[in-house]
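A short worksheet on the structure shown next.
The values are calculated or read from the model by the stated rules, or taken from the named source; none is laboratory data. Quantities reported herein were computed from a predicted structural model and do not represent experimental measurements. So basically every Cβ, Gly included, is an ideal-geometry build from the backbone, and we count neighbours across all protein chains shown. Ligands, DNA and RNA are stripped out before the accessible areas are found, and what is left, the full protein with its side chains, is counted by its heavy atoms. Shrake-Rupley method; radii C 1.70, N 1.55, O 1.52, S 1.80 Å.
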Amino acid sequence: MTTKQFTQFGAAMTLSLLAGGVMAAVSPEEATKLGTTLTPLGAEKAANADGSVPEWTGGLQTNAAAVDANGFLDDPFVSEKPLFTITAANVEQYKDKLSPGQVAMFKRYAATYKIPVYPSHRTMAAPQAIYDAAKKSALNTVAVDDGNGLSNFSDSRYYAFPIPKNGVEVIWNHLTRYRGGNVRRLITQATPQTNGAFTMVHFQDDLASPTDVTDLDMEKASNVLFYFKQRVTEPSRLAGNVLLVHETIDQNKEPRLAWVYNAGQRRVRRAPQVAYDGPGTAADGMRTSDNFEMFNGALDRYDWKLIGKKEMYIPYNSYKLDSPKLKYEDILKAGHINQDLTRYELHRVWEVEATVKPGERHIYAKRHLFVDEDSWQVALADHYDGRGQLWRVGEGHPTVHYQQKVATYSVEALYDIIAGRYIALGMKNEEKRGLEFGFKATIADYTPAALRNAGVR
């Protein structure tokens, strides 16, 4: 390419990006903050004014605690006691550091809901390769199509905007966070009745990153964020049903590809309903498809507004809740999960407000998402109906898998404060093993043709 041709090409690219509603990447000078004044993933490295949110010093070490033969984690903070407990009697004292949804939970379940607050520990860590990818993203990735897609991202793959400038960039960090490469998990879901009675649904989830899938044409997969396959293993009436998802990055350009295999009918079908407010799998109407992982999927139905950053009491370091010593009946109680098993800490979060765009529809007319600055995982999510009434309150209880340096959810709870019911997803306490990292995946495993074999009971 001649100098003249290169200049013309650059000018054309610039015009194309401007036409697509581009949001610019950060400057090299600003990117130097990553790993200096900011953590490698973009959080404030320093402690807060009074030290109650400590300085980030690298997160948990890989030997922070023991891991048993089945992959279950010991609690690095097992000897700690709560600093104090927030209850309905004293909630007014702490309202400035709680979400409206948390406050509503105290009103709905005044006798039983509580928030035990422990010392704060900034445990988030990631492999060096992920830190390098985040810095590459900061320098190169731009949001296009009004924030609904990403350009110059496929080479880095993680944390699209570690130094975000607006609400949609914060949510992109949640969507593009590091999940541990190829991860297999045996998990359960329950939707307790108002009296606490429940039936467990068991899943095997396989999530594969394109960079860890063999025989994959990376050029053809440049718009794929990950591959996901979910098989129901219990109860018998649902066993063998399988969901396959090719999660795309720009879902306006290429909508999420999803298929379901129905074991009873022995048929594979496209599943466009596995998106937005389509019903969640075996969820008894208690969650939408985009409630999974607190929020997932396309961004295009909402306007995303960055409210700012604040300090809040959020679920954190939930190792006790993840213990294999617990039974599911220890966790699942009437109205909400057993709050004696939870742990909350003071951390800085980004608050983002999502409002349904004019002409679009979603059962949640407004959402407030509170995103942990260290992990970029959504910690709390308040959902409002079309009347502006608070409807569902989400809490994501996280742990850091210190050996693999990756943050995950131990339990995702979504509370319907109007109906008095809830759904709890992600529990594995009684399963035969914890998370399995690094399993071998080929692209043939994530094709519609593979669903029938995956669904054999």
*asked:* What are the ³J(HN,Hα) couplings of region 216-225, residue after residue, when phi is run through the Karplus curve with 6.51, -1.76, 1.60 and θ = phi - 60°? Round to Hz, x for glycine and proline.
replied: 9, 7, 5, 5, 6, 9, 5, 9, 9, 7
*Net charge near residue 44, counting Lys/Arg +1 and Asp/Glu -1 over other residues with Cβ under 13 Å of its Cβ?*
+1
*Once the Cβ-Cβ distance between residue 269 and residue 442 is put in as r, and R0 is 25 Å, what FRET efficiency do you end up with, to the nearest 0.05?*
0.60
*Convert each backbone phi in region 281-298 into a coupling constant with the Karplus relation 6.51 cos²θ - 1.76 cosθ + 1.60 (shift: θ = phi - 60°), then list the ³J(HN,Hα) values in order as whole Hz, x for Gly and Pro.*
4, 6, 9, 6, x, 8, 8, 8, 4, 7, 7, 4, 6, 6, 6, 8, x, 5
*residue 36-residue 262 pseudo-label distance in nm [points 7 Å out on the Cα-to-Cβ vector]*: 6.0
*Taking the Cα centre of the chain as the origin and placing charges on Cβ (Lys, Arg +1; Asp, Glu -1), which of 37, 65, 368 is farthest toward the positive end of the dipole?*
368
*Give the residue from 443, 83, 182 lying farthest towards the positive end of the charge dipole for the chain; charges sit on Cβ (+1 for Lys and Arg, -1 for Asp and Glu) and the dipole is referred to the Cα centre.*
443
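Quick check: from the Cα gyration tensor, does region 255-296 come out rounded (a/c under 1.5), prolate or oblate?
On the way: a/c = 2.88, a/b = 1.51, b/c = 1.90.
Since a/c reaches 1.5 but b/c is at least a/b, the shape of region 255-296 is classed as oblate.
Multiplying the sequence separation of residue 236 and residue 55 by 0.36 nm and subtracting their Cα-Cα distance, what value in nm do you get? Before the final figure, lay out each step's value.
Details: separation 181, 0.36 × 181 = 65.16 nm, distance 4.93 nm.
Computed gain between residue 236 and residue 55 is 60.2 nm.
By the scheme Lys and Arg +1, Asp and Glu -1, what is the net charge of all other residues having a beta-carbon under 13 Å from that of residue 415? Could the numbers behind the result be given before it?
Working: positive: 107, 108, 287, 333, 392, 421; negative: 382, 395, 412, 416.
Neighbourhood net charge equals +2.
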*Given a 1.4 Å probe and the protein chains all in place, what does the accessible area of residue 267 round to, in Å² to the nearest 10?*
120
_Skipping prolines and chain starts, which residues have an amide H placed within reach, meaning under 5 Å, of the one on residue 302, given they are 5 or more residues away or on another chain?_
357
*P(r) of region 177-268 in 10 Å steps, Cα pairs, percent per bin?*
15, 36, 31, 15, 3, 0
*Provide the gained length on full extension for the span residue 387 to residue 360, in nm with one decimal, where the gain is 0.36 nm per separating residue minus the Cα-Cα distance.*
8.2 nm
*So how far apart, in nm, are the two label points at residue 85 and residue 200 if each is 7 Å from Cα heading toward Cβ?*
2.7
*Quick one: length gained pulling residue 220 to residue 328 fully straight, 0.36 nm per residue minus the C-alpha distance?*
34.6 nm
*asked:* Leaving ligands and nucleic acids out of the surface, order 137, 323, 222 by accessible area at 1.4 Å, largest first.
replied: 222, 323, 137
*Amide H of residue 150: which non-local residues (sequence gap of 5 or more, or other chain) have their own amide H closer than 5 Å, using H built in the peptide plane?*
144, 250
*Taking θ as phi - 60°, what are the ³J(HN,Hα) couplings along region 349-366 by the Karplus curve (6.51, -1.76, 1.60), each to the nearest whole Hz, with x for Gly and Pro?*
10, 8, 9, 10, 9, 10, 10, 4, 5, x, x, 9, 9, 6, 5, 9, 6, 8
_Residue among 335, 379, 400 farthest towards the positive dipole end of the chain, charges placed on Cβ_ = 335
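Rounded, prolate or oblate: which fits region 71-150 when a ≥ b ≥ c are the square roots of the eigenvalues of the alpha-carbon gyration tensor, with rounded for a/c under 1.5 and prolate only if a/b beats b/c?
On the way: a/c = 3.27, a/b = 1.60, b/c = 2.04.
Since a/c reaches 1.5 but b/c is at least a/b, the shape of region 71-150 is classed as oblate.
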_Computed [θ] at 222 nm, deg cm²/dmol, the chain (DSSP H ≥ 4; -39,500 (n - 2.57); rounded to nearest 500)_ = -3500 deg cm²/dmol
_Alpha-carbon spread of region 79-125, three principal axes, descending order, Å_ = 35, 21, 17
_Local net charge near residue 452, Cβ-Cβ under 11 Å (Lys/Arg +1, Asp/Glu -1)_ = +2
*With +1 on each Lys and Arg Cβ and -1 on each Asp and Glu Cβ, and nothing else charged, work out how big the dipole of the chain is about its Cα centre, in Debye to the nearest 20.*
980
*Could you quote the convex hull projected area for region 277-405, Cα atoms only and averaged over all directions, in nm²?*
9.4
*Of the labelled options [x] 4, 17, 23, 21, 14, 10, 8, 4, 1, 0; [y] 4, 20, 27, 26, 16, 6, 1, 0; [z] 4, 20, 32, 28, 12, 3, 1, 0, which one gives P(r) over Cα pairs in 10 Å bins from 0, in percent as computed for this structure?*
[z]
